[in-house]
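**Student:** Below: one structure in C-alpha cells.
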Amino acid sequence: QAAGTCLPNGVAPERRKNLTKNGESFPVGVVLQPYRSAELANGIIDILISEVLGYNLQYDPHVPASSLEVIYAMIGCKTWYNRESPGCEERKQELHFVVES
C-alpha cells in the first residue's frame, strides 16, 4: 500500500497530476453537498479520482443551498454561491463535479 492511500495500489499524493487546458494546470474541482449520503458518495468518488485515476482534487469551501447554485457552479459562474449575483457574466470552469445522492 502506498503511503497516504486507502487502496493497496493507489496513486500516492506526490504522484497525482492536475488537469491541463490551454497550457493551464489545475486540480479537479469539487462541490460538496450538505447531506450525509452525499458525503459518503463523495468519499468513494474521492478515492476513485485521486487513487485510481491519479488526479489532484480541490474542494470548494462554499456549500450549495440549492440545486440552482449547483448548476451555477457547474457552468463556471465565479460567485455561484451568491444567489443575488452568481457571477455568470464571464464564466471559467473551475469546478468539475458534484455528487448528488
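**Student:** Of the conditions (1) charged (D, E, K, R); (2) open to solvent by 80 Å² or more (accessible area, probe 1.4 Å); (3) within 21 Å of Thr20 (Cβ to Cβ), Arg83 fails just one. Which one is it?
**Tutor:** Answer for Arg83: the failing condition is (3).
**Student:** Please work out which one of (1) at pLDDT below 95; (2) touching a strand residue (DSSP E or B) at 6+ places or on another chain (Cβ under 9 Å) is the condition Ser50 fails and give its number.
**Tutor:** (1)
**Student:** Next question, about the same structure. Of all residues in region 15-37, how many are buried (at least 16 other Cβ atoms within 10 Å of the Cβ) and not charged (D, E, K, R)? Lay out the reasoning, then the answer.
**Tutor:** Of region 15-37, the ones buried (at least 16 other Cβ atoms within 10 Å of the Cβ) are 16, 27-33.
Keeping just the survivors that are not charged (D, E, K, R) gives 27-33.
Total satisfying the criteria: 7.
**Student:** Looking only at region 34-47, decide whether some residue is among the hydroxyl-bearing types (Ser, Thr, Tyr), modelled with pLDDT of 95 or more and out of contact with any Gly (no Cβ under 9 Å at 6 or more places or on another chain). Even if it seems obvious, please write down each step before you answer.
**Tutor:** Taking region 34-47 as the starting set, the residues that turn out to be among the hydroxyl-bearing types (Ser, Thr, Tyr) are 35, 37.
Checking the rest, the ones that are also modelled with pLDDT of 95 or more come to none.
No, region 34-47 has no match at all.
**Student:** Could you grab me the full set of residues in region 50-73 that are open to solvent by less than 50 Å² (accessible area, probe 1.4 Å) and either of a type outside the set (Gly, Ala, Ser) or free of Cβ contacts under 8 Å to residues at least 24 places away in the same chain (or both)?
**Tutor:** Narrowing region 50-73 to residues open to solvent by less than 50 Å² (accessible area, probe 1.4 Å): 50-51, 54, 56-57, 60, 64, 66, 69-70, 73.
Of everything in region 50-73, those that are open to solvent by less than 50 Å² (accessible area, probe 1.4 Å) and either of a type outside the set (Gly, Ala, Ser) or free of Cβ contacts under 8 Å to residues at least 24 places away in the same chain (or both) turn out to be Glu51, Asn56, Leu57, Asp60, Pro64, Ser66, Glu69, Val70.
**Student:** Quick one: count up the residues across region 1-14 that are in contact with a Gly (Cβ under 9 Å, 6 or more places away or on another chain) and loosely packed, with under 10 Cβ neighbours inside 10 Å. It would help to see each step written out before you state the result.
**Tutor:** Kept after step one, since they are in contact with a Gly (Cβ under 9 Å, 6 or more places away or on another chain), are these residues of region 1-14: 1-2, 4, 10-14.
From the residues that got through so far, the ones that are loosely packed, with under 10 Cβ neighbours inside 10 Å too are 14.
Here the count works out to 1.
The values are calculated or read from the model by the stated rules, or taken from the named source; none is laboratory data. Since the model is a prediction, treat every value here as computed from it, not as a measurement. Here Cβ is always computed from backbone atoms with ideal geometry, including for glycine, and neighbour counts include all displayed protein chains. In case anyone asks, the SASA skips ligands and DNA or RNA and just uses the protein heavy atoms, side chains included. Shrake-Rupley method; radii C 1.70, N 1.55, O 1.52, S 1.80 Å.
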